[in-house]
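The values are calculated or read from the model by the stated rules, or taken from the named source; none is laboratory data. Given the structure is predicted, the values throughout are model-derived calculations rather than measurements. We place every Cβ from the backbone using ideal geometry, glycine too, and count neighbours over all the protein chains shown.
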Ligand code: IMP
């Protein structure tokens, strides 16, 4: 049976999200941008991040994109399909693409290409977690919360077969 082992506490997440909001405010050096979350994994991070950005005087518009992924498996195969696209017109705008994790980075690369193909002038990327050792494509996020090892994690929006998204901390799934 799999058990949950906490690896990033609620408090560390809270502090790091505040820091990232500072890095974004400094790094993007602009107030008018569109935040685009990749559903569903980004929702918890994005909700906390947008309020942290507000505390720094930023209030970006928000949109979402859905890209098919692993299904119920824990392995990424190839780039997914865009299931649901943007509702905002991003032509001529700067976008901050937000996701829970960069693993193979196939999803984020595809999302960024899509946003640029819709006419965005620039697409910054922000991930909470980064498993840099697992890349299948070259990809370096502009902003990231934590580098983690090659372990499957859940919580704070991340799921395993639709479970555990609601955990307020990040945990890895371990066999007992
Ligand atoms: P990619 O392999 O970078 O394209 O990641 C695609 C998606 O797989 C991410 O947005 C996550 O939703 C999911 N994913 C990747 N690694 C994990 C993990 O360790 N736990 C839960 N979901 C993951």
Quiz prompt | Test set (1) in contact (Cβ under 8 Å) with a residue 60 or more places away in the chain; (2) closer than 20 Å to residue 9 by Cα; (3) not in a strand (DSSP E or B) - residue 101 fails condition number | solution = (3)
Quiz item: Out of all the residues in region 92-102, is one or more within 10 Å of the ligand (Cβ to nearest atom) and farther than 22 Å from residue 25 by Cβ?
Solution: yes
Quiz prompt | Meets criteria (in a helix (DSSP H, G or I) and more than 24 Å from residue 160 (Cα to Cα)) for residue 114 | solution = yes
Practice problem: Mind listing just one residue for me: the one in region 147-167 that is surrounded by fewer than 17 Cβ atoms within 10 Å (Cβ to Cβ) and more than 9 Å from the ligand (Cβ to nearest atom) and, of those, nearest to residue 47 (Cα to Cα)? | Solution: 166
Quiz item: Is there a residue being more than 10 Å from the ligand (Cβ to nearest atom), crowded, with 18+ Cβ neighbours inside 10 Å and touching a residue at least 60 places away in the same chain (Cβ under 8 Å) anywhere in region 50-62?
Solution: no
Quiz prompt | Residues of region 1-32 that turn out to be at pLDDT below 95 and under 27 Å from residue 82 (Cβ atoms), as a count | solution = 4
Practice problem: State whether the residues of region 168-175 include one that is outside any strand (DSSP E or B), more than 20 Å from residue 21 (Cβ to Cβ), more than 10 Å from the ligand (Cβ to nearest atom) and at pLDDT 95 or above. | Solution: no
Quiz item: Checking residue 68 against (1) surrounded by 16 or more Cβ atoms within 10 Å (Cβ to Cβ); (2) within 12 Å of the ligand (Cβ to nearest atom); (3) more than 11 Å from the chain's Cα centre (by Cα), which test does it fail?
Solution: (1)
Quiz item: Which of the residues that make up region 24-43 are touching a strand residue (DSSP E or B) at 6+ places or on another chain (Cβ under 8 Å), surrounded by 15 or more Cβ atoms within 10 Å (Cβ to Cβ) and assigned to a helix (DSSP H, G or I)?
Solution: 24, 28, 43
Quiz item: So, in region 44-60, of the ones that are in contact with a strand residue (DSSP E or B) (Cβ under 6 Å, 6 or more places away or on another chain) and modelled with pLDDT of 95 or more, which residue ends up nearest to residue 10 (Cα to Cα)?
Solution: 45
Practice problem: Examine region 113-123 for a residue that is within 19 Å of residue 158 (Cβ to Cβ) and surrounded by 19 or more Cβ atoms within 10 Å (Cβ to Cβ), and state whether such a residue exists. | Solution: no
